[in-house]
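The values are calculated or read from the model by the stated rules, or taken from the named source; none is laboratory data. A quick note: this is a predicted structure, and the numbers were derived from the prediction, not measured. FYI the Cβ positions are ideal-geometry reconstructions off the backbone, even for glycines, and counts take in every protein chain you see. Just the protein is used for accessible areas: all its heavy atoms, side chains included, with ligands, DNA and RNA removed. Shrake-Rupley method; radii C 1.70, N 1.55, O 1.52, S 1.80 Å.
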Amino acid sequence: MSATRYTYLGPEGTFTEAALRTLPEAATRELVPMVSVPATLDAVRSGEAAAALVPIENSVEGGVTTTVDELAKGEPLMIYREVVLPIAFALLVRPGTQLKDIKTVTGHPVAQPQVRNWLGAHLPDALWESAASNADGARLVQEGRFDAAFAGEFAAATYGLEPLVTEIHDAANAATRFVLVGRPARPAAPTGADKTSLVIWLGDDHPGALLELLQEFAVRGVNLMRIESRPTGQGIGNYCFSVDAEGHITDRRVGEALMGLKRICPKVRFLGSYPRAGVASEDVRPQRPGTTDAEFMAASDWLARCQDGRF
């Protein structure tokens, strides 16, 4: 395994690369762009790279389904940290292109809903065609296959383009969450402001099946930050659930919730416990009464005394 190589969704000039370069260790790693999310993650599975950074959630479009699905199947991988990057697009064009010249535009499929209103107002007749990534769209503009691309302004120099318009976004404060993924190992120590990610498969389809799953979290005071259903590929109506929960696997409430899920679900995939980006422990809401580690331990001690006849 190359301990110094990190892969990311390429080509050069993607928001994923920009997010990766915010990590301190990126300065001492070989950063290798890949053509797709599956290729990015497979490089870690094969040992060609120590870690990979991929997008997993957008504040406008929700989950990045390719990443969510890739983490649910194949050889297990683990999330070690997350990066949240504010997203604003620039309209990149070849030098000399004016707005009236633009007949075709491109960008990543997740970009389109974030600029749809701007497109309707300024380029209502332009034809959109999706690219593998925003930076790949910039490359296609460089090659003359499209008139303009929505990408990060920082990608302009890489592809010899000019930002005709900058700071384009339909939703203020739009952001994308990226995760650094590696091979499974012991999770980092809890920070007090952590997140635990899972993929959960339901058993037989019956009334209340999803409620039973959610109750494992609710009765232990574990807050769910995201839950998303995804098809398993095994026929209509067969779904698994991608979940982000507050807390760390070593927290008693989270650990017991995971044990409860394991009892009632045919399959649970642990994707990691890791620090929440931009959140300090003092910013995390207090646990409701009866769900702290101390209270779980006190209840366990009480049960042991009862079993020993020491109550």
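Exactly one residue out of Thr4, Thr14 is modelled with pLDDT under 95, surrounded by fewer than 14 Cβ atoms within 10 Å (Cβ to Cβ) and outside the structural domain of Gly272 (by the TED database): that is Thr4. If you go through the range 249-269 and keep only what is crowded, with 18+ Cβ neighbours inside 10 Å, in contact with a Leu (Cβ under 8 Å, 6 or more places away or on another chain) and assigned to a helix (DSSP H, G or I), you end up with Leu258, Leu261. Checking each residue in the range 209-225 for being touching a Leu at 6+ places or on another chain (Cβ under 6 Å) and either assigned to a loop (DSSP other than H, G, I, E, B) or among the charged types (D, E, K, R) (or both) picks out only Glu216. Among residues that are in contact (Cβ under 8 Å) with a residue 60 or more places away in the chain and under 21 Å from Ser130 (Cβ atoms), Pro95 is not included. Which residues, counting only those in the range 142-195, are free of Cβ contacts under 8 Å to residues at least 60 places away in the same chain, surrounded by fewer than 16 Cβ atoms within 10 Å (Cβ to Cβ) and of a type in the set (Asp, Glu)? Within the range 142-195, Glu143 is the sole residue that qualifies.
Kindly establish whether Ala126 is open to solvent by 20 Å² or more (accessible area, probe 1.4 Å), farther than 18 Å from Thr66 by Cα and aliphatic (A, V, I, L, M). In short, yes. Filtered by the rule that a residue be among the hydroxyl-bearing types (Ser, Thr, Tyr) and either over 22 Å from Gly13 (Cα atoms) or over 26 Å from the mean Cα position of the chain (by Cα) (or both), the range 96-135 gives Thr97, Thr104.
Here Val83 qualifies as of a type outside the set (Gly, Ala, Ser) and either without any contact (Cβ under 8 Å) to a residue 40 or more places away in the chain or touching a helix residue (DSSP H, G or I) at 6+ places or on another chain (Cβ under 7 Å) (or both).
Residue-level check: of (1) within 24 Å of Glu70 (Cβ to Cβ); (2) surrounded by 19 or more Cβ atoms within 10 Å (Cβ to Cβ), Arg226 misses just (2).
Could you tell me whether any residue of the range 202-214 is buried (at least 20 other Cβ atoms within 10 Å of the Cβ) and of a type in the set (Gly, Ala, Ser)? Within the range 202-214, not a single residue is buried (at least 20 other Cβ atoms within 10 Å of the Cβ) and of a type in the set (Gly, Ala, Ser).
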